[in-house]
Amino acid sequence: MPNLELLAPLAAALLAAGLFAGLLAGLLGVGGGIIMVPVLYYVFGLLGVDEAVRMHMSVGTSLAAMIPTSIRSALAHRKKGAVDEVMFRRWLPGIALGVLAGVLTAAFVKGPVLMTVFAVFALLVAVYMAFGKDSWRVASELPGRLGQTIMAFLIAAVSVMMGIGGGTFTVPTLTLFGYPIHKAVGTAAAIGVLIAIPGAIGFILGGLGEPGRPWGSLGFANVVGVLALIPTTLLAAPWGVALAHRLERRWLRLAFAFFLAATGIKMALSLLGA
């Protein structure tokens, strides 16, 4: 049984993290996972979870907790007409293959590999959030069907390995090709559903019977963590959607970039043994 004196404040921290993650899910289309994974990794560390499975547990728990948030965020954006359903259907094959590739890769690699993936891409996203401009373009329109399938595959594969919903990469990718920002955020939220559900199932199945998992785990998803994160992420996601259509997001982007940079650097130092 877990130490209840330690578990209570950690559950409170997860509830607060869920509030922030849900807000970001609606506001930036990032699914909240990029907040949840480092918080979960820290929490599992305090609980003494074996380092061999700690990152897998963080990713799997994040994907599982993200499912209701992603669905609610996607439905809220769809009500506002901000989901491109034609593109959503076009990206389905690439997303499905990418999720499968990401889950299979994660099942056969050790925790430090997942930490490296998270640290590298968190730092890249931090740089984009801090210095990127909505006016940046690499082309005036999206590539053809094959190009979009490749984009969808890569976004889904990396996102699953990081435990995020894909919006972190989908939104900047689409806007770099001249896609309207509000449509990009809404469509990214819908794509997050396609990544979170099969991704979570894959991590659950991949972790069955693995030693070193914390109390209350189903495969590589911790039920206690999921139950702590879901209420506040569900509560806050519609707030983020509403704010996304009203606010200047520059200062939020900078704060988010700082958080990601600090997280990426901390993970990189941990990998180096510092």
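If we scan segment 126-141, do we find a residue that is surrounded by 15 or more Cβ atoms within 10 Å (Cβ to Cβ), of a type outside the set (Ser, Thr, Tyr), under 30 Å from residue 206 (Cβ atoms) and within 19 Å of the chain's Cα centre (by Cα)? Yes, there is a match, as at least one residue in segment 126-141 is surrounded by 15 or more Cβ atoms within 10 Å (Cβ to Cβ), of a type outside the set (Ser, Thr, Tyr), under 30 Å from residue 206 (Cβ atoms) and within 19 Å of the chain's Cα centre (by Cα).
I'm trying to understand the selection: among the residues of segment 74-89, which are out of contact with any Gly (no Cβ under 6 Å at 6 or more places or on another chain) and surrounded by 16 or more Cβ atoms within 10 Å (Cβ to Cβ)? 74, 75, 76, 78, 84, 87, 88 - these are the residues of segment 74-89 that are out of contact with any Gly (no Cβ under 6 Å at 6 or more places or on another chain) and surrounded by 16 or more Cβ atoms within 10 Å (Cβ to Cβ).
State whether the residues of segment 246-264 include one that is among the acidic types (Asp, Glu) and out of contact with any Phe, Trp or Tyr (no Cβ under 9 Å at 6 or more places or on another chain). Yes - at least one qualifying residue is present in segment 246-264.
Being outside any helix (DSSP H, G or I) and under 15 Å from residue 111 (Cβ atoms) is the filter here, so list the residues in segment 204-216 that pass it. Don't jump to the end; show me each part of the working.
Just the residues of segment 204-216 that are outside any helix (DSSP H, G or I), to begin with: 207-216.
Answer for segment 204-216, where residues must be outside any helix (DSSP H, G or I) and under 15 Å from residue 111 (Cβ atoms): 207, 210, 211, 212, 213, 214.
Only one of 187, 168 is farther than 16 Å from residue 125 by Cβ, touching a residue at least 24 places away in the same chain (Cβ under 8 Å), among the polar types (S, T, N, Q) and buried (at least 24 other Cβ atoms within 10 Å of the Cβ). Can you tell me which? Result of the check over 187, 168: 187.
Values quoted throughout were computed directly from the atomic coordinates according to the rules given, and no laboratory measurement underlies them. Keep in mind that this is a model prediction, so the values were computed, not measured. Note that we place each Cβ from the backbone using ideal geometry, even for glycine, and neighbour counts take in every protein chain shown.
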